[in-house]
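Peer 1: This structure is in structure tokens; I'll ask about it shortly.
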Amino acid sequence: MIRTYGPSFEKLYAAAIGTRLGDAARTSALAVLAAELTGSPAVLSLVSAMSFAPWLLFGIPAGALIDRWDKRRAFLTADSIRCALAALMTGLALAGWLSVGTLIVFAFLLTSLQTVSDGCFNSLLPSTVAKEDLGQANARLSASQSTAGIAAAPLGSWLASLSSALPFLLNVVTFGAAASWVRALPADADRRSAGQQARKKSRSLVGDIREGLASVRKQGLLQLLLVCVSVNNFCNGLSSAVLPILAIRELGMRPAAFGILTGATAACMVIGNLVAGRLAARKVPHARVSGVAIGLKLPGFLLICTAQSPAFLVAGAALLGLAAGLWNVPSSTLLMTSAPQEVIGRTMALFRTLSVAGMPLGAVASGLLATAAGVRSSSLAAAALSGAVLAGFLWQVRKLGKAAEPADDSTPDTVPART
């Protein structure tokens, strides 16, 4: 039986799943539609880049604005605009007026608005769940979002192959549904203190960003988590960017079977989410689970680096997926319970921005390293970096002591969901 956490969480949960489904389906659909419109690799890569570039440009400023705005209204506005944009693209597709340029602009605008909707969701979540249930609620959400992402990628590609309008119509439905769920949240879903709500907006946006960064610098645990997520995703980019070459050219894996690697990673990520939820229910410290997650990356990368058959690659990919699932839940929970409520939007935005930046930077480094020292060198470097991160994490957690697990009364603005 699925445990519930109150009506506010359930509505926010439904909105988050809807937006994740729409975003994942759109990403795969745009790749298919762009490939039908152009054969230029440079143009195709530009379409793909729009899935992460806005996070690098607007992620942190969006977090600062979210801390100023009413988060429920901002979430509602962002997904309502995304629904309208998707409706416009549906009309253009039906009229036969799609072009690569419109796809690039559309992807950029929707991902830019996603920095707001995702930031609002992450900032609102602690206010809809009792603090002792936050780990389990995060696990349920992460597992559902991972599953939605797995289902949405082939769905988006399939819809694009049937009709260029169908993927955009799906976005109209998912973003429209998400907006309706957010609209149904209580008006006081953004449970800031009276002092926070009355705070004057006389300071500049740059000043707000500086305040958020200064707050992170004062929190040793937040700094540790931000460093870990950056390096972890850099390592993921190092290994995954040249994985097709290693699998297909060196180990003779059939191109049609390459999807088994990504499938194993995705499936084990869901398993990791569920295991993390069980551990949270048993009150296993979040810092301990995070350390285990980082530790699993080391053998995962080593299996890929030393693989002599595709089976070893699948095992390595499965370990990396399990590690990612285990990491996502406790790290998000620690961030939500450690970040001061007045800067939670900026903290979560910084976390997401560094997370997004890690993968492409790792991919670029992988290409350079593989060219100089061979494709296996990228996974070897990822294993070495993961070992260093694990050692640093364990040392810092021991140094921080009790700070790694905030006391039950450390976040007074986190209150139980209304029933």
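Peer 1: Determine, from the Cβ-Cβ distance of LEU368 and ARG217 and an R0 of 30 Å, the FRET efficiency 1/(1 + (r/R0)^6), rounded to the nearest 0.05.
Peer 2: The computed FRET efficiency comes out at 0.45.
Peer 1: Starting from the eigenvalues of the Cα gyration tensor, five times each then square-rooted, give me the equivalent ellipsoid semi-axes of segment 1-188, largest first, whole Å.
Peer 2: Taking √(5λ) for each Cα gyration eigenvalue gives 30, 17, 15 Å.
Peer 1: Give me the Kirkwood hydrodynamic radius of segment 63-111, using the inverse of the mean 1/r over all pairs of distinct Cα atoms, in Å to one decimal.
Peer 2: Mean inverse Cα-Cα distance, inverted, gives 12.2 Å.
Peer 1: Quick one: if the Förster radius is 30 Å, what FRET efficiency do GLU132 and TRP395 give, using the C-beta to C-beta distance and rounding to 0.05?
Peer 2: 0.60
Peer 1: Pairs to check: LYS71/LYS399; LYS11/LYS218; LYS71/LYS131. Give those whose C-alpha atoms are more than 27 Å from each other in this structure.
Peer 2: LYS71/LYS399; LYS11/LYS218
Peer 1: Now for a different question. Whole Å is fine, so just give me how far the alpha carbon centre of segment 258-274 lies from that of segment 135-160.
Peer 2: 12
Peer 1: With all distinct Cα pairs included, what does the Kirkwood hydrodynamic radius of the chain come out to in Å, to one decimal, could you say?
Peer 2: Across the chain, the inverse of the average 1/r is 22.0 Å.
Peer 1: Between TRP97 and VAL284, take the C-beta separation as r, use R0 = 56 Å, and let me know the FRET efficiency to the nearest 0.05.
Peer 2: E between TRP97 and VAL284, to the nearest 0.05, is 0.55.
Peer 1: For GLN308 and GLU250 in the same chain, what is the full-extension length gain: residue separation times 0.36 nm, less their Cα-Cα distance, in nm?
Peer 2: 20.0 nm
Peer 1: Once every DSSP H run of n ≥ 4 in the chain is given -39500 (n - 2.57) and the sum is divided by its residues, what mean residue ellipticity at 222 nm do you get, rounded to the nearest 500 deg cm²/dmol?
Peer 2: -26500 deg cm²/dmol
Peer 1: Relative to the Cα centre, what is the charge dipole magnitude of the chain, using +1 at the beta carbon of each Lys and Arg, -1 at the beta carbon of each Asp and Glu, and rounding to the nearest 20 debye?
Peer 2: 680
No lab work stands behind these numbers, since they all come straight from the coordinates. The structure presented is a predicted model; accordingly, all values stated were derived computationally and were not measured. Because the Cβ atoms are built from the backbone with ideal geometry, glycine has one as well, and the counts that use them run over all protein chains shown.
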